[in-house]
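Working notes, beginning with the structure itself.
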Amino acid sequence: MFDLLLEELVASIEIRGGRPMDLPNEFRNYSSDKNKSLISNWLWSVPGFRRWRVTKLDSGESLQVLNSVAYPDYINDHPIMGIDLLWFGAKSKLVAVLDFQPLSQDRAYLDRHYHGLKSIKENFPELDSKEKMRSFDPNQYFSPWLLFFRGGLEQAKTTLPRAFKSFLDCYWQLHLESSQKLSVISPDQVKVLQDNYDIYSADRDPAHGLFTSYFGKPWTDRFVNEFLFPSSNKDQYISTKDFDAGK
């Protein structure tokens, strides 16, 4: 279902100098004979980013997933990019979550980084679900212009590809603009904020339960803590209440 979007994502990474990195065999491709499912993962070295990961799950008509998260270098305080697309073929049901995930909810920070995503939200009103996400607090690591949508085959074939391209183009433009000016948040603080993002996500992301049902708990625990959110050691959490992230 998402092969063309994956190709578009990879092409946008490669044209900007991205190169694939080595992964342990158990993470590069891992299959489940029980569910006839295959999960494939890629880790990219991309100029201006310290980590960019991509995951594709193929479970036939049961489920298709495309997920990607991009972490900017610590010297750049712009948002983390998050893509999460799910297709339940038997039910013809699409769930799409696209966001520039903020390091701060401070108004000045949002004003500085979100004019592009705000425009996409206005241009694609159908990607503005009124439902609340069930696993996450939308006020933590999600922006007010989150693209969150539940739809069917028509939306998956028409609206999503157009929105996906606009979303990627907008994020690359944000990265370019942010790279040309000094960040407000210090590199040390950006590191803490990105680490806290991993800690929060490893604890709350429904991917853990989903992948456990397909590939078992031992492998999923390693996958979540070593590949998806490698900075998720709970002992590393640092309070950011005193960070002046917006000014």
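The values are calculated or read from the model by the stated rules, or taken from the named source; none is laboratory data. What you see is a predicted model, and the numbers here were worked out from it, not measured in a lab. For neighbour counting, all protein chains shown are included, and Cβ atoms are generated from backbone atoms with ideal geometry for every residue, glycine included.
What the table below lists for this structure:
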quantity: Failed condition for Val65, given (1) farther than 24 Å from Ser178 by Cα; (2) surrounded by fewer than 14 Cβ atoms within 10 Å (Cβ to Cβ); calculated: (2)
quantity: Pairs where the first residue, in region 141-155, is closer than 25 Å to Glu61 by Cβ and the second is of a type in the set (S, T, N, Q), C-beta under 6 Å, 6+ apart; calculated: Phe148/Ser129; Phe149/Ser129; Arg150/Ser129; Gly152/Ser92; Leu153/Ser92
quantity: Region 126-171, subset assigned to a loop (DSSP other than H, G, I, E, B), polar (S, T, N, Q) and at pLDDT 85 or above, residue surrounded by the most Cβ atoms within 10 Å (Cβ to Cβ); calculated: Ser143
quantity: Glu122 being in contact with a Ser or Thr (Cβ under 8 Å, 6 or more places away or on another chain), at pLDDT below 95, more than 23 Å from Ala207 (Cβ to Cβ) and in a helix (DSSP H, G or I); calculated: no
quantity: Cβ-Cβ under 9 Å pairs, at least 6 apart or on other chains, region 224-243 side at pLDDT 85 or above, far side surrounded by 12 or more Cβ atoms within 10 Å (Cβ to Cβ) and in a loop (DSSP other than H, G, I, E, B); calculated: Val224/Asp205; Val224/Ser232; Asn225/Ser232; Asn225/Asn233; Phe227/Leu23; Leu228/Asp205; Phe229/Asp205
quantity: Flag for Ile80 being over 16 Å from the mean Cα position of the chain (by Cα) and of a type in the set (Val, Ile, Thr); calculated: no
quantity: Residue among Ser45, Ser37 that alone is of a type in the set (Ser, Thr, Tyr) and either farther than 25 Å from Lys191 by Cβ or touching a Cys at 6+ places or on another chain (Cβ under 6 Å) (or both); calculated: Ser37
quantity: First in region 204-221 and under 15 Å from Asp84 (Cα atoms), second anywhere and in a helix (DSSP H, G or I), Cβ under 6 Å, 6 or more apart; calculated: His208/Val224; Phe211/Thr220
quantity: Matching residues in region 218-233 - criterion: being out of contact with any His (no Cβ under 7 Å at 6 or more places or on another chain) and assigned to a helix (DSSP H, G or I); calculated: Pro218, Trp219, Asp221, Arg222, Phe223, Asn225, Glu226, Phe227, Leu228
quantity: Residues located in region 216-232, provided they are surrounded by 21 or more Cβ atoms within 10 Å (Cβ to Cβ) and of a type in the set (Phe, Trp, Tyr); calculated: Phe223, Phe229
quantity: Residue count for region 158-168, restricted to those that are farther than 16 Å from Val69 by Cβ and touching a residue at least 24 places away in the same chain (Cβ under 8 Å); calculated: 7
quantity: Unmet criterion (only one of (1) at pLDDT below 95; (2) exposed (fewer than 15 other Cβ atoms within 10 Å of the Cβ)) for Ala207; calculated: (2)
